[in-house]
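Scroll down for the structure; my scribbles are underneath it.
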């Protein structure tokens, strides 16, 4: 018996050693394949531009100074009441801390600047769709405003991803400039001022910021082979015609679809709903095609849009994977979308048609984002889930 034991023991060691060699070889092959993919992804992402100054300083200020002319506008706008189309003051929107009812808390009126919010365990990314043109169009349309403004909020536990749309005509305080439409921040003080404006509005620190221009948007859609959206009703915009029901849009038609507002009686409200319909279409299509699980598909998407994107220096492919990891680990692909609450439309002191904040509801949303209690907020105010 002892002789047999002496003979069989080395054989087991040999088999075990051979097994480890096979496993290590497989692991090495997988690492090489993964490394090759990561290298390709990194190479594609390197076409992406980065902002010189993407985030405000800790005291909430940005380095771009504002002109004397704009400073005069700040002084004029401080105590001007907001009225609706019928000339009626929006006094019904008066709430605690907002005595003139314009939806902006009094402490933030008149260009007041506040320190950046504290860092939190959640991840918050400001997503911008800029109306800045590139190529031949740039010679006809100059400057830039944020045509689409969204905040992507991912709690620490990855329980869901929340996408908060902010209507571009929302009347807010822009630090250093006073009361203006929220999308003017990009034009007045660059990306850092746009970030500062959103941080002050929501009381949440933006960890990253990404901007895509018109050409990048169209490239994304065309790379996906078009996107199928549910068109709410028949309408036309420019050279495009949209029929109620499911319709597959190419890049040009999709861009016009998410930008159109003049064809609708409620203007920007319907535009935001259309943007949600488009996002739902992209989400469903990428999910159906397994884009996130397919390196080849994801690589094509990154390659198509990276030349048209600008991000903060910290938003690298590895950082994106890190951000997505809690959601993927949770097995939860749910995207919850909602719009920053408002109290209807009105007219600014200088005759602009604006969207007036609902100060109380906005404060509730800010609190929910800060304390990871979005489910409580949604139970009261509602949201889209897809």
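Every number here is computed from the coordinates shown, using simple stated rules; none is lab data. Predicted model, so just to flag it, every value in this text is computed and none were measured. Methodologically, a virtual Cβ is constructed for each residue, glycine included, from the backbone with ideal geometry; neighbour enumeration extends over all protein chains shown.
Please order 304, 179, 237 by the number of other Cβ within 10 Å, starting at the fewest. It would help to have the intermediate numbers written out before the result.
Values: 304 19, 179 27, 237 16.
Listing 304, 179, 237 from fewest to most nearby Cβ atoms yields 237, 304, 179.
In Å and on Cα atoms, what radius of gyration and Dmax does the stretch 176-276 show?
Using the Cα atoms of the stretch 176-276, the pair Rg, Dmax is 16.3, 45 Å.
Among 98, 250, what is the fewest-to-most ranking by other Cβ atoms within 10 Å? Please report the intermediate quantities before stating the final value.
Details: 98 22, 250 15.
Ascending Cβ contact count within 10 Å gives the list 250, 98.
At residue 287 and residue 107, where each label point lies 7 Å from the Cα along Cα→Cβ, what is the point-to-point distance in nanometres?
3.9
Which of 271, 261 has the fewest other C-beta atoms within 10 Å, and how do the rest follow up to the most?
Fewest to most other Cβ atoms nearby, the residues stand as 261, 271.
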